[in-house]
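For reference, the structure discussed in these notes is given below.
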Amino acid sequence: MQVIYAGLRNGARDQAIHDALIYKRVAEVAEEFRISPNTVRAAAKRIDKIEVFDLQLTGGGKPMLIGKVASSCFRKAALGAYRNYRGTFQNLDLPCWVITDGTQKIEVVELRKIDSGEATL
């Protein structure tokens, strides 16, 4: 299953840079990706700060797996999942529909307000 990178401009590239730094030096990775060494260091720092959330949609009986979302916090991860699967979430208007990772939760209605700018993250 594909990981969704929420809140990162190019999360897959940042992850590839982070993985390359395990076996190579910064200068080698910068040359390989054709970017500056400072960009390599910044990408590695961004990936170090994120964690992976395994999100589920609950409220309609059996929980439905959304997938893995990498982000710096749960709310950003939930918003990233909402934006990625907008077609699925757009008709879920009841407050019983909740995105959860098992410990934290947020209503789909609240995510819609955050996405439209009515509420803050």
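Summary table
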{"item": "Residue count for the range 86-107, restricted to those that are farther than 16 Å from G67 by Cα and loosely packed, with under 14 Cβ neighbours inside 10 Å", "result": "6"}
{"item": "Among the residues listed as S36, S71, the single one being touching a helix residue (DSSP H, G or I) at 6+ places or on another chain (Cβ under 8 Å) and under 23 Å from G117 (Cβ atoms)", "result": "S71"}
{"item": "Test: G67 is out of contact with any strand residue (DSSP E or B) (no Cβ under 6 Å at 6 or more places or on another chain), assigned to a strand (DSSP E or B) and surrounded by fewer than 19 Cβ atoms within 10 Å (Cβ to Cβ)", "result": "yes"}
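Condition check ((1) in a helix (DSSP H, G or I); (2) over 22 Å from G11 (Cα atoms)) across all residues:
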site	(1), (2)
D54	no, no
K62	no, yes
A78	yes, no
L92	no, yes
P95	no, yes
G102	no, yes
L111	yes, no
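FYI, it's all coordinate maths here, none of it is from the lab. Just so it is clear, the model here is predicted, and its values are computed rather than measured. Neighbour counts run over all protein chains shown; Cβ positions are idealised from the backbone, glycine included.
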